[in-house]
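Everything below concerns the one structure shown next.
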Amino acid sequence: MTIFSGATPAVARPGPGAEETTRLVKEADEAYQNGNFRLAIEKYQKAMQWIGEKKELAQTKQELFQTMTSLALTYFTIQENVKAEKQLADLVLINPNQELDPEFYPPKFLEIFRNVQKNNLGSLAVTSSPPGADVTLGGNKLGVTPLTVEKILKGKYELKAELKDHVPASREIIVQAAMENREDLQFEALKPVVEKSQPLPSRKAKKKKKLSPLIIVGGAAVVAAMVVLLSGKKASDKKELRSLAFTQSLAMPIDMLTPTTMLLNVGGVPAKIERVDFRVVVGHQNHMEDLTINIVGCDNRTLYNIWNRAQTTSYPTVISGNTDAFNSVAPNGTWRLLVQNPGRSAGGEIREFTLRIYFYQ
């Protein structure tokens with residue numbers, strides 16, 4: 001059996017490590033063809049690590065997908081189908097649109113791959129009344145209704161849609177694997193706002209209101225009345241510390257080569273930030289030490305680190321705390337959770353991003 005690293009041969013971009021990676025993949029292919037499967041596995045795994053450390057984007061992505069497929073095929077060849085299936089599942093997790101050419105792979109291997117796709121991917125059909133709405137899923141634009149999108153990773157997503165002159169629609173949905181998921185959106189037309197003018201008080205009423213505080217006999221009574229009025233004003237001016245919470249809860253796979261961003265829309269905060277509490281749930285089994293996690297304010301400049309590489313913990317990981325780093329940032333807008341994985345292992349997902357913003361009102 002001859003192994004192919006993918007339907008299209010990879011051509012590495014020039015740059016530090018590119019030639020070494022290409023050579024290592026070639027050595028792995030040769031080891032496979034010579035029947036030295038354990039050596040092939042070792043070299044494919046090393047090549048995947050090197051690819052993950054490179055900075056080029058489009059080319060290294062394709063190179064990674066091809067190497068992961070070759071590693072899965074090697075496991076399949078030595079009848080370690082569980083490991084082959086796990087490797088293919090990792091591949092589908094980072095690239096749901098991956099396809100394998102049936103001319104290059106054994107039918108049984110393709111069957112395993114189809115089962116992995118079936119167990120992890122579903123399709124989504126979105127319709128709306130009226131039609132023509134712009135739809136986003138988990139912050140990613142899908143298109144205009146009516147639409148159908150294939151190969152979406154199963155899990156929770158926030159579905160949003162906007163239609164001119166209509167109230168925006170938003171809901172949390174669950175995409176089920178191995179089926180067509182359907183969502184129908186009903187839009188409500190925006191109603192024009194008519195401001196009612198308040199009638200001016202009559203001259204007689206004004207005069208009465210102006211003179212009423214003076215109908216007090218005795219200097220002591222006047223002082224007492226003023227104290228009551230001032231104390232009441234002071235009490236009304238006292239502000240309370242309040243908070244609003246905003247949550248994005250869906251399964252978003254972590255890319256190994258490019259930063260993964262989860263968006264969180266914050267609105268309706270009426271005053272400046274006094275403090276921000278955060279809660280983030282991330283899953284990357286056994287390899288949390290690969291990740292760096294930051295919160296980026298809606299000004300796209302203020303960044304606060306909540307997780308550094310080399311930290312380890314259980315799976316999944318709940319990261320919570322508070323910070324005043326965003327006190328100078330306007331509260332309303334789009335906040336970002338930025339997860340970078342320049343480590344040795346692909347996989348993992350962001351599950352939740354929650355902010356509670358405190359302010360005085």
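How large is Rg over Rh for region 18-105, taking Rg from the Cα atoms and Rh as the Kirkwood inverse mean of 1/r across Cα pairs?
0.95
Which whole-number percent gives the relative contact order of region 18-105, counting Cα pairs below 8 Å spaced six or more residues apart?
21 percent
So if the hydrodynamic radius of region 121-186 is defined as the Kirkwood radius over C-alpha pairs, what does Stokes-Einstein give as its diffusion coefficient at 25 °C and 0.890 mPa s, in µm² per second?
Translational diffusion coefficient: 210 µm²/s.
What pairs in K118/K141; K83/K141; K26/K141 have C-alpha atoms more than 31 Å from each other?
Those over the limit are K83/K141; K26/K141.
With charges only on Cβ, +1 for K and R and -1 for D and E, what is the dipole size of region 241-360 about its Cα centre, in debye, rounded to 20?
The calculated dipole for region 241-360 is roughly 200 debye.
Per residue of region 278-283, what does 6.51 cos²θ - 1.76 cosθ + 1.60 with θ = phi - 60° give for ³J(HN,Hα)? Whole Hz please, x for Gly and Pro, Karplus curve as stated.
In residue order, the calculated couplings are 10, 9, 10, 10, 10, x Hz.
Placing +1 at every Lys and Arg Cβ and -1 at every Asp and Glu Cβ, with all other atoms neutral, what dipole size does region 112-180 have around its Cα centre, in debye to the nearest 20?
Around 320 debye, computed over region 112-180.
Could you give me D for region 241-360, from Stokes-Einstein at 4 °C and 1.567 mPa s, where the hydrodynamic radius is the Kirkwood radius over C-alpha pairs? Units µm² s⁻¹, please.
Reported coefficient: 89 µm²/s.
Run the quick spin-label model on L244 and E180: label points 7 Å from Cα toward the beta carbon, then report their separation in nm to one decimal.
For the pair L244/E180, the computed spacing is 3.9 nm.
Under a crude label model (7 Å from the Cα following the beta-carbon direction), how far is N300 from K191 in nanometres?
Distance between label points: 3.7 nm.
Work out from phi, with θ = phi - 60° and the Karplus expression 6.51 cos²θ - 1.76 cosθ + 1.60, the ³J(HN,Hα) of each residue of region 71-79, listed in order in whole Hz, and give x for Gly and Pro.
3J(HN,Hα) across region 71-79, in whole Hz: 5, 4, 5, 5, 4, 4, 5, 8, 6.
Every read-out reported here was derived from the displayed coordinates using simple, explicitly stated rules and does not represent laboratory data. Just so you know, these numbers come straight off a predicted model, no measurement behind them. Glycine also receives a Cβ, built like all others from the backbone with ideal geometry; neighbour counts cover every protein chain displayed.
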